[in-house]
Structures are given as C-alpha cells and as structure tokens.
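The structure follows.
All of the numbers you see were taken from the coordinates with simple rules; none came from a lab. The shown structure was predicted, so the numbers you read here are calculated from the model rather than taken from an experiment. When we count neighbours, we look across all protein chains shown, and the Cβ atoms used for this are built from the backbone with ideal geometry, even at glycine.
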Amino acid sequence: MQKPRFPITDDHIHIDPDRGIGMKAVREFARSGGTHIFLVTKPSWSYGITPAIPEDFRVVFEKTIALAAECCREGVVAFPVLGVHPAEISRMIERMSLSEAESLMIGALELAAQYVMEGSAIALKSGRPHYEVDSAVWEASNRVLNASLQFAAECDCAVQLHAESGPCDDVVEMAERAGVPLKRVVKHFATPDTKLHPSFIANNDCIADAARDGRPFTMESDYMDERDRPGSVLGPRSVPRFTLRHLEAGSFTEEDIWRIHSLVPEEVYGVQISL
C-alpha cells in the first residue's frame, strides 16, 4: 500500500469484532487513506455486560485498549477514549435507583480517568441523553457530565461529549468552572453553533465553510461496527473519502488537511499525529 501524503484522522469511531467486522473495518479505513483513529468505548451492553459496580466497566475499558493495540498492528494508530455512554443511565434505572445509577457512572468515569493517568488512554467519554428524559434523569446526567469534566481537569485530558444536537451552551459554563479549556471539550456529532470543539460528522455540509474560515475542527464517522446496522452512522471509509473529495473539489488544500487531521487533534488531545 502506498504511503499516504498526509494524515487522515477519524475523531470518533467504534470497532467491534464480536458484533461487527472488527479489523476488516480498520483495514478498509487504511486502504482509503486513513491513518489515525480515536477509538471510543461502546456501551457496556455491547459486550454483554450488565454493570452493577464501577469495576464492571474494567472489561469494557480493557477491551478498548486491546483493540487499539490491534489497530496499531494493522498500521492504523489508535488512541483509546474511555468512558460511559450517557444512555447507560436509562438502562441502569430499570434495575436500580437513579442515585445508584449516577454513582455507578461517576465511579466508572473515575476508573476511566485512572487509565488516562497511567497513559493507557488519552481522553474520557461522557455526555447526557440526546433523547427526551424526565427532569430528574436530566439533572443526574448533568452531574455525571460535570464529574467527567472534573476528572478531565485532574488528568489534563480532553473529554468527548455525546449529547443533544445544538450548542450546549451550559456545558461551556460547566467546563469553565471545572477548569477545562473549551478546545479540549469535544462535541461529538457537532453542529456549527457550538462554542465547544466541534467534531463534525464527515458528510456535514458545514465542513467546507469551516475549513475556509480556518476554524479548528475535526472529522468523524461515528462508525458503529454492528452487522445488524451496517454503515451506521457512516462507514469506516467515510472520513478519508470525504477528505479527499474536499481536496479534489478545492475546498481543502493539503495544508488544510494537515491542520484538520494533525495539528488540531494534537492540540485537543495532547497526542502526536505524524506519518
């Protein structure tokens, strides 16, 4: 395979060798020009786990770290992002109290932060439901989100947020109180109106304008790697393909690509992205 001219980084992707195609997706990404990924933990139920204590999430985190190492052996540099999917709370409260679910999620995030402190992972994942919930669940979810920001401040790391569509202006205030720079609070599946760091889905129409304006952003596929939902949200080739289409159309220069796929994620996550 020809050596790439520039890095292409997927800021939010999942790999699941049990429910999906696993390393085949990584190889497809690489053949399309992809070089680096931020490998994000899937929900606990993806691994058949019904967590009762924070330690139960260790399996999820260890599997993600092991998958990242396997990706690297395939020639794609993978950075593990560990945390708790915000939708976990809706499943947890079917079998425990809301306060117990909140404590469990915060405890799991504290465990994830330990991996970051040890250098086994580079960022945390948190957020709040992107669907309608009652006020008590919403408030508990915000306390979990706030805890993730506090852990990120302690670890000096970024945090990826899975949350509702829109600017999430109140999260800006949370991050400022926690002492986390806004450029290190990554809004997964972002819209252009956010003041947080936007990670745009690769087919977002705003990307060309954001590049022209010199706005810092990253690109993602949010590939789920599940056989019963092939290509959801986008396929593993999406970030390389859309990046190259922008280059061919003239909406990206090679300098833009280096900025979007190397310089910006380096600043956000504190990692090195090179060929």
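Mind checking the full-extension length gain between Asp205 and Trp138? Use 0.36 nm per residue of separation minus the Cα-Cα distance, one decimal, nm.
21.1 nm
Would you mind checking which residues have amide H under 5 Å from Phe189's amide H? H placed 1.01 Å from N; only 5 or more apart, or other chain.
HN-HN under 5 Å from Phe189: Ser199, Ile201.
What dipole magnitude, in Debye to the nearest 20, does the stretch 9-269 give about its Cα centre under +1 on Lys/Arg Cβ and -1 on Asp/Glu Cβ?
Charge dipole of the stretch 9-269: 600 debye, to the nearest 20.
Tell me which residues come under 5 Å, amide H to amide H, from Ala78 once H is placed; ignore anything under 5 positions away on its chain.
Excluding prolines and chain starts, which carry no amide H, the hits are Ile37, Cys72.
May I pose another question? Determine the shape class of the stretch 134-275: with a ≥ b ≥ c the square roots of the Cα gyration tensor eigenvalues, call it rounded for a/c under 1.5, and otherwise prolate if a/b is greater than b/c, oblate otherwise.
prolate
Explain nothing, just compute: Karplus ³J(HN,Hα) = 6.51 cos²θ - 1.76 cosθ + 1.60, θ = phi - 60°, for every residue of the stretch 156-165 in order, whole Hz, x for Gly and Pro.
6, 10, 7, 9, 8, 10, 9, 8, 5, 5
On to the next question. How long is the gain from Arg91 to Arg73 if the chain were fully straight, where each residue apart is worth 0.36 nm and the alpha carbon distance is subtracted? Could you put the intermediate results ahead of the total?
On the way: separation 18, 0.36 × 18 = 6.48 nm, distance 3.51 nm.
Going from the current span to full extension adds 3.0 nm.
Continuing with this model, one more query. Which whole-angstrom value gives the distance between the alpha carbon centres of the stretch 166-188 and the stretch 107-158?
The stretch 166-188 and the stretch 107-158 have Cα centres spaced 12 Å from each other.
Taking 8 Å as the Cα distance limit and 6 or more residues as the minimum spacing, I'd like the relative contact order of the stretch 88-195 as a percentage. Walk me through the intermediate numbers first.
Details: 150 pairs, mean separation 26.6, N = 108.
Reported relative contact order: 25 percent.
Counting only Cα, what are the radius of gyration and maximum Cα-Cα distance Dmax of the stretch 31-124, in Å?
Just the Cα atoms of the stretch 31-124 yield Rg and Dmax of 14.3, 47 Å.
Nearest 0.05, what FRET efficiency do Arg5 and Arg212 give at R0 = 25 Å with Cβ-Cβ as r?
Step by step, r from the Cβ atoms, then E = 0.70.
For the chain, which cysteines have no second Cys with its Cβ under 4.7 Å from theirs?
Singleton cysteines: Cys71, Cys72, Cys168, Cys206.
Projected onto the charge dipole of the stretch 1-158 (+1 at Lys/Arg Cβ, -1 at Asp/Glu Cβ, origin at the Cα centre), which of Phe57, Val144, Cys71 gives the Cα projection farthest towards the positive end?
Cys71
Report relative contact order for the chain in percent, whole number only (criteria: Cα-Cα under 8 Å, sequence separation at least 6).
That works out to 22 percent.
Kindly put Glu164, Glu102 in sequence by how many other C-beta atoms sit within 10 Å of each C-beta, fewest to most.
Glu164, Glu102
Give the long-range amide H neighbours of Arg128: residues separated by 5 or more places, or on another chain, with amide H under 5 Å away, using H modelled in the peptide plane at 1.01 Å from N.
Correct list: His162, Ala163, Glu164.
Let me ask something else. Find the centroid of the Cα atoms in the stretch 226-260 and in the stretch 21-57, then give the distance between the two in whole Å.
Using only Cα atoms to place each centre, the spacing works out to 19 Å.
Now for a different question. Let me have the 222 nm mean residue ellipticity of the chain computed from DSSP H runs of 4+ only, each contributing -39500 (n - 2.57), with the sum over all residues rounded to the nearest 500.
Calculated from helices alone, the mean residue ellipticity at 222 nm is -12500 deg cm²/dmol.
When the Cα atoms of the chain are enclosed in a convex hull and the volume is divided per residue, what value in Å³ results? Walk me through the numbers before you get to the answer.
On the way: hull volume 31.9 nm³, N = 275.
Hull volume normalised by residue count: 116 Å³.
Taking the Cα atoms only, what angle lies between the long axis of helix 98-118 and the longest principal axis of the chain, rounded to 10 degrees?
Tilt relative to the chain: about 50 degrees.
Taking only pairs that are 8 or more places apart or on different chains, how many Lys pairs in the chain have Cα atoms under 25 angstrom apart?
Counting lysine pairs in the chain gives 15.
Still on this structure, I have one more. Taking neighbour Cβ counts within 10 Å as the exposure measure, how do Cys155, Cys71, Cys206 sort from fewest upward?
Starting with the residue having the fewest Cβ neighbours, the order is Cys206, Cys155, Cys71.
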